[in-house]
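Enquirer: Handing you this structure, nothing more for now.
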Amino acid sequence: MMYLPKVLHVAATASLLALPLAPRIAQAQTKTLPEQIADVMVKLAGGVHPGLRITHTKGLVATGTFTAAPGAKTLSRAAHLQGAPVPVTVRFSDGSGIPNIPDNNPNASPHGLAIRFALPGGAYTDIVANSHNGFFVGNGNDFLAFLTAVASTTDKSPHPSPIEAFLGAHPAALKVAMESRAASKSFENLDFYGNNAFIFVDAAGNKHPFRYQIIPVAGVVKLDSATAAKQKPDYMFDDLKRAVAKGPVKYTIYAQLANPGDPTNDGSVVWPADRKRVELGTLSVTKLVANSDSAQKALAFNPIILTNGITLSDDPLPSIRSAVYALSVAHRR
Ligand code: HEM
């Protein structure tokens with residue numbers, strides 16, 4: 001969740017009013033959905049922050065290895081899932097486009113974990129996950145409506161405010177907004193979810209729809225609100241730096257498999273917890289990169305960078321996401 005400072009709201013409205021009507025309409029009509037989403041994200045971030053992501057802006061880059069568990073290759077023929085350890089680059093992040101958002105600010109949640117697996121021959125594949133099981137909405141139009149509602153809400157909005165009205169009509173988004181407010185003890189104690197469905201293809205060509213779950217080996221720990229309020233602004237990143245320096249920070253990556261009939265086209269619908277979960281392997285984060293700021297500027301994770309053995313499902317979000325991520329990359333480069 002993100003909050004639009006009042007002053008910006010006024011500035012945005014004023015600049016719109018300054019345009020003659022016809023170009024204004026033409027401009028609105030020519031913007032694609034990803035462009036409109038990116039525009040609202042920039043607005044929510046308080047404008048463009050040169051060189052930085054338009055959301056998930058505050059982050060830290062590290063490296064490590066991923067070692068597949070024996071069950072992984074039964075689901076997918078992807079090179080990194082066959083058993084040999086592969087190098088990974090990861091980026092931990094706070095949600096929101098505010099570059100210095102305190103880690104205990106509710107708008108910093110859901111937090112992010114992006115993982116890039118190095119494949120033989122120089123190729124790579126990504127997982128881009130966040131710390132809530134279930135996304136706010138299931139498609140790009142609803143995401144634009146959600147962000148627009150956040151951006152149109154001020155302290156002075158009469159009730160129901162635009163965001164109250166949106167959340168009232170979208171119970172899944174309300175659930176994410178409420179549940180992700182609890183601050184986490186640390187990134188080492190945080191669980192992450194791919195939310196979008198992908199399809200594994202095994203050696204025989206069989207297809208297995210699934211979603212990623214990334215569970216910390218140290219266990220999931222949340223802070224009560226009094227303890228959360230006492231934390232320093234960078235407590236999660238400071239703690240992560242200390243933890244990685246001491247020894248590997250580990251997560252188990254699972255595939256939650258869809259039962260027949262489970263929707264693969266709506267990342268806001270959480271599949272029941274009794275669905276079969278196959279352990280894909282262990283992610284070990286072992287080293288901070290020397291210059292995280294320049295590394296994160298250069299890195300461009302993308303949920304649709306897949307590889308032979310993993311394909312898109314009918315979930316509409318990854319493609320929309322990919323287009324908006326590309327716009328964000330264009331901004332920072
Ligand atoms: C329509 C829905 C979504 C849109 C438009 C969107 C948009 C974006 C954009 C523009 C970025 C910045 C990319 C960059 O500059 O490299 C970003 C980053 C990120 N997003 Fe999303 N996102 C969406 C949904 C999701 C979902 C469902 C998840 C996770 C389940 C997610 C997790 C993340 C993470 C972890 C990052 C940071 C990646 C990094 O560390 O570079 N996003 N998102």
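No lab work stands behind these numbers, since they all come straight from the coordinates. Since this is a predicted model, take the numbers as computed values, not measurements. Neighbour counts are summed over all protein chains in view; Cβ atoms, including those assigned to glycine, are modelled from backbone coordinates with ideal geometry.
Enquirer: Ranking request for peptides 65-77, 129-141: highest mean number of other beta-carbon atoms within 10 Å first, then the rest in descending order.
Expert: 129-141, 65-77
Enquirer: Something else about it: Could you work out the relative contact order of the chain, using alpha carbon pairs under 8 angstrom and six or more residues apart, expressed as a whole percent?
Expert: 24
Enquirer: How do the peptides 197-206, 154-163, 104-113 rank, highest first, by the average count of neighbouring beta carbon atoms within 10 Å per residue?
Expert: Peptide ranking by packing, descending: 104-113, 197-206, 154-163.
Enquirer: A follow-up question, please. Run the quick spin-label model on Glu164 and Lys297: label points 7 Å from Cα toward the beta carbon, then report their separation in nm to one decimal.
Expert: Output for this residue pair reads 4.3 nm.
Enquirer: Straight-line reach only, C-alpha to C-alpha below 24 angstrom: list the lysines that Lys31 could link to, leaving out same-chain residues fewer than 8 apart.
Expert: Here the lysines satisfying the reach criterion relative to Lys31 are Lys43.
Enquirer: Give the relative contact order (percent, whole number) for the range 135-203; include only Cα pairs under 8 Å separated by 6+ residues.
Expert: 32
Enquirer: Just grab the label-to-label distance for Val269 and Val48, each label 7 Å out from Cα along the Cβ direction, in nm (one decimal).
Expert: If labels sit at Val269 and Val48, their model points lie 4.0 nm apart.
Enquirer: Once you place label points 7 Å from the Cα toward the Cβ at Gln82 and Lys241, how far apart are they in nm?
Expert: Result: 3.9 nm between the two label points.
Enquirer: Can you tell me the dipole magnitude for the chain around its Cα centre, using point charges on the Cβ only (Lys, Arg +1; Asp, Glu -1), in Debye to the nearest 20?
Expert: 640
Enquirer: Now for a different question. If the convex hull of the alpha-carbon atoms of the range 19-153 is projected onto planes in all directions, what is the mean projected area in square nanometres?
Expert: 11.5
Enquirer: Sticking with this structure for a sec: Which of the lysines could be linked to Lys287 by a straight reach, that is with a Cα gap under 29 Å, when you skip same-chain ones fewer than 8 residues away?
Expert: Lys58, Lys73, Lys185, Lys222, Lys230, Lys232, Lys241, Lys246, Lys250, Lys297
Enquirer: Per residue, what volume in Å³ does the Cα convex hull of the range 88-225 take up? Present the calculation step by step, with values, prior to reporting the outcome.
Expert: Numbers: hull volume 21.5 nm³, N = 138.
Convex hull volume per residue, Cα atoms: 156 Å³.
Enquirer: Determine the relative contact order of the range 252-297: mean sequence separation of Cα pairs under 8 Å and six or more apart, normalised by residue count, in whole percent.
Expert: 47
Enquirer: To continue, here is another question. Can you bin the range 270-333 into rounded, prolate or oblate? Criterion: square roots of the alpha carbon gyration tensor eigenvalues sorted a ≥ b ≥ c, rounded for a/c under 1.5, prolate for a/b above b/c, oblate for the rest. Provide the component values of the computation, followed by the final result.
Expert: Numbers: a/c = 2.50, a/b = 1.31, b/c = 1.91.
Judged from the Cα gyration tensor, the range 270-333 comes out oblate (a/c at least 1.5, b/c at or above a/b).
Enquirer: Can you divide the C-alpha Rg of the chain by 2.2 N^0.38 Å and report the result to two decimal places?
Expert: Computed over Cα atoms of the chain, the ratio equals 1.00.
Enquirer: Oh, and also: Once Rh is set to the Kirkwood radius over Cα pairs, what Stokes-Einstein translational diffusion coefficient, in µm²/s, holds for the range 179-288 at a temperature of 10 °C and a viscosity of 1.306 mPa s?
Expert: Here the translational diffusion coefficient equals 100 µm²/s.
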